[in-house]
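Written below as structure tokens is the structure these notes are about.
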Amino acid sequence: MKKNISKLTNILLPLLLGVFLVYYAYSQFTDQQIEEMKSQFRDANYNYILISSFFSLLSLWARAYRWKYALNYMGHPVSTSTNFMAISIGYLLNLTVPRSGEVSRAIVLQKYEKVPFDKGFGSIVSERVIDLICLLICVLAALLLQYQVLKDFLLAKVPVEKLAILGTIALTGFLVVVAIFYYSKWRVILFIKQKVKGLTEGAISIFKMPHRAGFLFHTFLIWLGYIATFYFGTHALASTSTLSFPIVMSAFVAGSFAVSFTNGGFGAFPLIIAELLSLYGISTVAGTAFGWILWTTQTAIVVILGALSFLILPLYYNNKK
């Protein structure tokens, strides 16, 4: 019973936060502004949204192909199509419980390709470390290009002191757990150590595997696709089509954080994008409309591909038997 309540809470709380953010954003608009937003949707150039969607799919394919490098190194060759569907399912589940998609990806490979969960999940962890580095590079690039504007924005929106306190507490807790894990002889700890060994093998696979150049190339392709998705999306609206590349990079970074810390950016993505673009003279209405158009398009892709993958995977493997 408690387990079910916990699962329900993990799903409902992020969704309720998203609903609140949507309500909060729209409660700030007058009837005239809402009508203006509707006209932004009507007048949008959806050809650019199609181009944006192409790059979104390209980055998804590149992620599926990149995963093969680590899996092949560990002796588990998996087709790009299976990886693609596993990732699509993961993205879909991320819309319900943040970061649950990583676990589901490993479960899919364990079920259909007999890849041990700890190794599959370890390879995903290592991917995320690389992606975090790429995101930090994008943050650094955005800060260099738009330093003063972004500094003021982040200091106003991010509770630095609270994050520092939480970080200190988290680091202390982590060190305590590591000490217990390293020195303890408890049976349960020894069991966990055995599982962590497989997780570690997966996590370090990208640093030992051959064809690292191919892995890095597909990593570049993933992030090029992300940025291009955002860049061409800005051209869908007349109000945002004239934004310079440095401004687009700044908005892209802000949107990336919104997606990372919520259910796929539900409610948060349009809100944070509108607030940042307002620093560059884009009206809140236009910024919100752009955020919703881009978010809705990307979410539709995730839902469609995730749902199709749920249906196709069992049929695909039944036919292989």
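Using alpha carbon coordinates only, what is the Rg to Rh ratio of region 36-101, with Rh defined as the Kirkwood radius?
Checking Rg against Rh, the ratio lands at 1.18.
Please state the charge dipole magnitude for region 37-113, taken about the Cα centre, from unit charges on C-beta atoms (+1 on K and R, -1 on D and E), reported in debye and rounded to the nearest 20.
With Lys and Arg at +1 and Asp and Glu at -1, about 60 debye.
Highest mean first, what order results for 88-96, 45-53 on Cβ atoms within 10 Å?
Per-residue mean Cβ counts within 10 Å order the peptides as 88-96, 45-53.
Just report the Cα centroid separation between region 85-120 and region 265-298, whole Å.
Cα centroid of region 85-120 versus Cα centroid of region 265-298: 30 Å apart.
Quick one: go through region 68-95 and flag any residue whose amide nitrogen is under 15 Å from the point 7 Å out along the Cα-to-Cβ line of residue 317.
Under cut-off, by backbone N: 77-90.
Each value in this text was obtained by applying a stated rule to the coordinates, not by laboratory testing. Everything numeric here is computed off the predicted structure, so don't read it as measured data. We place every Cβ from the backbone using ideal geometry, glycine too, and count neighbours over all the protein chains shown.
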